[in-house]
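The values are calculated or read from the model by the stated rules, or taken from the named source; none is laboratory data. Small disclaimer: the values here were computed from a predicted structure and weren't measured. Here the Cβ is made from the backbone with ideal geometry for all residues, glycine too, and neighbour counts use every protein chain on show.
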Amino acid sequence: MPVVRVALDLPLHRLFDYLAESATSADIGQRIRVPFGRRERIGVIVSVLEHSPLSPEQLRSAGEILRDLPPLSPDFFKLCEFASTYYQAPLGEVILQALPGGVKRIDPPARRTVRRRATSGERVVPELTAGQAAAVAAIDVAQGFSAHLLFGVTGSGKTEVYLRLIEQVLAAGRQVLLLVPEINLTPQLESRVRARFPDCEVVALHSELAEAARERHWRAAFAGEAGIVLGTRLAVFTPMPRLGLIVVDEEHDASFKQQDGMRYSARDVAVVRAHQANVPIVLGSATPSLESWANALGGRYRRVDLPERANPEACLPTIHLLDTRKMVLEEGIGAPVVAAIEERLARGEQSLVFLNRRGYAPVLACPACGWVSGCKRCAANMVLHLADRRLRCHHCGFEARIPQACPTCGNQDIHPFGRGTQRLEAWLRERFPAARVLRVDRDSVKSRKQWEIVLERIHGGDADLLVGTQMLAKGHDFPKLTLVGVLGADAALFAADWRAPERLFAQLMQVAGRAGRAELRGEVLIQTQYPDHPLYAALVAQDYPGFATTLLREREQAGFPPYSYQAILRAEAPLMADAMAFLANASALSKMAECPDIMVYDPIPMKMARLANLERAQLLVESASRPALQAFLPRWREAIERVKAPARLRWHIEVDPLEC
Ligand code: ADP
Ligand code: ZN
Ligand code: ZN
C-alpha cells in the first residue's frame, strides 16, 4: 500500500509517514487528514513512497486526501526547504505557516463567494521623469533573475517605477508579488495599484485580514487569477503559478523581519525566491539596509538611482541642526522650532513635530525615594498614559492604575519624568490655541479605518500641527507639510545596539522626506546636543551613500554583519540561572560539533532580561563564512535538541538577527 510522507505544523524537525490507499504521486502537494496522537490534523503530502523505513504495522492510516485545490508545486516546496534549512525551522512549520487558516483546519469555515471590489479612482498615468524612464529602462523584467536596488530619494517616484514594471509583467501574462512593510500604513499604495490596473485582480495579504478574506485572496493568488498580490512579509511564501516579478518596497524596514515563531527575513527570502523562480526582483528604498547596499557595492545587486524628486517643483528639504545646549527649552522645544511653527501657521501650511515615543511620559517617578513605575513582569518601566489614566508596559501590555502617592514612601508628589507624544500634544495645544493639533501614534490610531481618516484630515488640510511617532515617517505624501521638527533623537546616537545608527539615520531621512513634497519648500529642524556628530553631518548633507560607506567601514573593522554572519540562541525560563545554565551547556555542545571558523560567545542575559515574567538570556555565534555557519547550525541544533531542558524553558535559534 502506498505510504505518504506528511509535513505537519509541529515544532519537530521531521516528517511523518502514513498509509494512504488512494495516494498517487499526483497527490504530492495536496493536503491530507491524518491522525496524530488522539486528534486529527491537516498536513501536506511532501512525497509518496514505495517503501517506508517503518513496517506497515507501525504505520497509521491517513484520512482523506483533500483535492479541492491544485497541489502545491515543487517551486513552493523548494522555497520552503530553503527557509527551513537556512532558518533552522521545521519544514512542517514553514509549509503550514504559508497556508491560510481556512485550508488547514479540520473543520474549515463555510466559504463565501468572492465579492469583487469595484475599482474607483481615476486612472491618471503621469509621464515619467527622465530619471524614472532611465530606471524603468535599466530593469529588464523579461530577462529572468536579476536583483535591483532602486535607490531613490524620498519623493523620487519609486512607486511609478514599480507600476511601469508591473504593467510590463502583467502584459506578459505573469503575476506580481509586491511586498510592503505595513499595509495599513499605506492605503494610498493599494488604491493607486487598483486604480492603475482596473482589469487586473489585486489581492491583499496581511495578518489583519479576516480569515475568510485571507483565504479567498490566497486562493486567487494560488489559482493564478490574481495578477497582483500586495502583501506584508507573510505573503512572501504565497504560491503563485505565473510569478513574473517581485518588488520589495521600503526594503530597509525592520517589519520584513519576523520576530517570533519562525524567524525569517521576508526580504531575504524574496531574493531567494526570485532566484529560484528565475524572475527579477526590485528592492526599493531611500535608505537601503546596509546589507543590500553592500550587495550593490559587491555587484550582486544592480543599483538603479533616482537622485531627484519626481515633482519638478519639489526639491529636497533643507535640514538644520539646532544646538540645544545653547537654548532655553520649554517642554523640550526651543524657540527656533516654536518660531518656525508660528510662521507655518501664519502661512496656512502644516508642521510636524516628530518624537518617537508614545504615551505621556516614559516613566512616573518619586523624587523623595527614587521609586519608578517599573513593570512587575519585565525589566522595563511602565509608560504613563494620561489620556486613559493608566500606566502601561509597552513590552508585555501589563496595565495598572496611576497611583495617588508613591507606593514605597507615600509621598504624594510623584512626577512624570521625560516626555512622550501625549505630553507634547498637550503643550502644543496650549502654546498654539488656534492651531488644529493632531496626534498620530499607535495609541491614537489603532485601526486601518482610523488611519484612513487621519490621512484624509492631513490631506484635506484639516490639521495644522501634527505630533507623531515613526508612524508618520513612512512613505506618505503630505503636500502641505513644509516643516518637520525632530525632538529626542540623540538617545539613539549612543545606544548599545550597533545597528542603532543605521536605524536612526533611516528614520530621520524618512521623516525629513515628508517635508516639501510639492511646490512648497520643506525645512527640517533637528534639535540635538551633539551637532558635531558625523551622523547628523551626513543627514544635513542628505548623503546616504557617504554615511553607508562610513558605517560599512566600521562594521568591517569590527567584524560585524554584513562582514560576518550571525545566529543567536535564546533561552527563556522563570529563573535566569536555568536559562544561563542551558546556554552554557549549549556552548559546550558547540565545541563538540567541531566546526572550524565558528566563534561562540559567552551566554549573557538579554538587554531586556525579563519579559512577561520570564528571564531571558542569549548566546551569539558568528562566522566570517556563511557556509561554515550554515554547516554548523543544524549539527548544533540537533545536539541541543537531545539535551533535557528544565520543564518551563523555551529556546530558539534566530539566524541573521536584527537585534543582538
Ligand atoms: P517615493 O516612494 O519615491 O518617496 P512616490 O512614489 O510617493 O515617491 O512619489 C512622490 C510624488 O511624486 C507623488 O506625489 C507622486 O504622485 C509624484 N510623482 C511620481 N512620479 C511622477 C511623475 N512622473 N510626474 C509627476 N509626478 C510624479
Ligand atoms: Zn517615594
Ligand atoms: Zn511588562
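List of remarks:
- Any hit, segment 350-363, residues being within 16 Å of ligand 2 (Cβ to nearest atom) and under 19 Å from ALA491 (Cβ atoms): yes
- Residue list for segment 368-397, restricted to those being more than 7 Å from ligand 3 (Cβ to nearest atom), among the charged types (D, E, K, R) and outside any strand (DSSP E or B): LYS376, ASP388, ARG389
- Pair list, Cβ < 7 Å and 6+ apart or interchain, from segment 649-660 residues that are modelled with pLDDT under 95 to residues that are outside any strand (DSSP E or B): LEU658/ALA254; LEU658/ARG499; GLU659/ASP497
- Residues of segment 452-475 satisfying the condition of being more than 16 Å from ligand 1 (Cβ to nearest atom) and buried (at least 18 other Cβ atoms within 10 Å of the Cβ): VAL454, ALA463, ASP464, LEU465, LEU466, VAL467, GLY468, THR469, MET471
- Per this entry, GLY418 is not counted among residues that are more than 16 Å from ligand 3 (Cβ to nearest atom) and free of Cβ contacts under 8 Å to residues at least 12 places away in the same chain.
- Residue ID - farthest from SER447 (Cα to Cα), chosen from residues in segment 210-237 that are β-branched (Val, Ile, Thr) and within 17 Å of the chain's Cα centre (by Cα): VAL236
- Test result for GLN630, part of a strand (DSSP E or B), under 25 Å from ASP260 (Cβ atoms), more than 16 Å from ligand 1 (Cβ to nearest atom) and polar (S, T, N, Q): no
- Residues (crowded, with 16+ Cβ neighbours inside 10 Å and within 22 Å of TYR563 (Cβ to Cβ)) located in segment 601-635: GLN618, LEU619, LEU620, VAL621, GLU622, SER623, LEU629, GLN630, ALA631, PHE632, LEU633
To keep it simple, each residue is scored yes or no on (1) of a type in the set (D, E, K, R); (2) surrounded by 17 or more Cβ atoms within 10 Å (Cβ to Cβ); (3) at pLDDT 90 or above; (4) not assigned by TED's automatic domain parsing to the domain that holds CYS200.
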| residue | (1), (2), (3), (4) |
| --- | --- |
| GLY37 | no, no, yes, yes |
| GLU40 | yes, no, yes, yes |
| ARG60 | yes, no, yes, yes |
| ASP68 | yes, no, yes, yes |
| PHE76 | no, yes, yes, yes |
| GLN88 | no, yes, yes, yes |
| GLN97 | no, yes, yes, yes |
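- Looking at VAL467, VAL445, just one residue is in the same structural domain as GLY348 (by TED's automatic domain parsing) and part of a strand (DSSP E or B), and that residue is VAL467.
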